[in-house]
Amino acid sequence: METVFESERIRFVKATLDLVPDYLEMVNDIERVAKYISDRREPYTLEEETDYIKDKIDNNAMIFSMIEKSTGKFIGNTEFFNFNYKEAEWGIVITASMQNKGYGKEALLRMIEYGFNEAGLDRIYLEVYRDNARACHVYEACGFTEYKRTEKDIFMDIQKDR
């Protein structure tokens, strides 16, 4: 897996079919991972996850797998999507065993830098479940501000020159 870019403790590599077992384990952990990324509560099949990653690869999506530099362990995935001119939505998912180690904040700060300085974005936005207080705290600590709130979600963004 070729490193596209890195941060202090993380190598960011393009998503790959080689990591599908890791992706599947992560997204099928309903209570610790999946409940924060979608409303789906049924496990994904190997075929579904493989097809999802193949589609991302085929469409040259800006999705990166995060690998711990010191051990080579899979951390999770991060992605820019829903591109519209010079803005994109950002998302992250971290496998349960790698949570609470500061990787989310480190990845977000590096993705902000990558988005603004290398991908040419002027605005990065995200949507987070209101009950995901830990994520909201990290997003605010990294400079995101809330611009909309619904009964279920909080919408936040950060702009290049703000």
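The values are calculated or read from the model by the stated rules, or taken from the named source; none is laboratory data. Model, not experiment: these values are computed from the prediction. Glycine also receives a Cβ, built like all others from the backbone with ideal geometry; neighbour counts cover every protein chain displayed. Heavy atoms of the whole protein, side chains included, go into the accessibility calculation; ligands, DNA and RNA do not. Shrake-Rupley method; radii C 1.70, N 1.55, O 1.52, S 1.80 Å.
Taken over the range 49-59, the residue count meeting the criterion of being more than 20 Å from residue 96 (Cβ to Cβ) and either in a helix (DSSP H, G or I) or not polar (S, T, N, Q) (or both) is 7. Remark: pairs (first residue in the range 118-145, in contact (Cβ under 8 Å) with a residue 24 or more places away in the chain; second residue open to solvent by 60 Å² or more (accessible area, probe 1.4 Å); Cβ separation under 6 Å; 6+ apart in sequence or on different chains) = 121/86; 122/86; 122/160; 123/159; 132/36; 138/105; 142/109. Selection of the range 121-149 for residues being open to solvent by less than 70 Å² (accessible area, probe 1.4 Å) and among the basic types (Lys, Arg) yields only 123. Among the residues making up the range 25-45, those that are assigned to a helix (DSSP H, G or I) and either among the polar types (S, T, N, Q) or within 15 Å of the chain's Cα centre (by Cα) (or both) are 26, 27, 34, 35, 36.
The residue that is farthest from residue 74 (Cα to Cα), counting only those in the range 1-24 that are of a type in the set (Ser, Thr, Tyr) and either modelled with pLDDT of 95 or more or assigned to a helix (DSSP H, G or I) (or both), is 7.
Can residue 97 be described as on the phi < 0 side of the Ramachandran plot, polar (S, T, N, Q) and exposed (fewer than 15 other Cβ atoms within 10 Å of the Cβ)? Yes: the conditions hold for residue 97.
Find all pairs meeting these conditions: Cβ atoms under 9 angstrom apart; at least six residues apart or on different chains; first residue within the range 41-54 and more than 15 Å from residue 30 (Cβ to Cβ); second residue surrounded by 13 or more Cβ atoms within 10 Å (Cβ to Cβ) and small (Gly, Ala, Ser). Once the first residue is more than 15 Å from residue 30 (Cβ to Cβ) and sits in the range 41-54, its partners that are surrounded by 13 or more Cβ atoms within 10 Å (Cβ to Cβ) and small (Gly, Ala, Ser) give 53/15.
Taking the range 12-44 on its own, how many of its residues are β-branched (Val, Ile, Thr) and open to solvent by 70 Å² or more (accessible area, probe 1.4 Å)?
Step one: filter the range 12-44 for residues β-branched (Val, Ile, Thr), giving 13, 16, 20, 27, 30, 33, 37.
Restricting the remaining residues to those that are open to solvent by 70 Å² or more (accessible area, probe 1.4 Å) gives 37.
So the count comes out to 1.
If you go through the range 80-108, how many residues are of a type in the set (Lys, Arg) and within 19 Å of residue 8 (Cα to Cα)?
Adding up the residues that qualify gives 2.
Within the range 104-116, residues that are free of Cβ contacts under 8 Å to residues at least 60 places away in the same chain have Cβ atoms under 8 Å from residues that are open to solvent by less than 30 Å² (accessible area, probe 1.4 Å) and in a helix (DSSP H, G or I) in these pairs: 104/135; 108/139, counting only partners at least 6 apart in sequence or on another chain.
Checking each residue in the range 45-62 for being of a type in the set (Lys, Arg) and exposed (fewer than 15 other Cβ atoms within 10 Å of the Cβ) picks out only 54.
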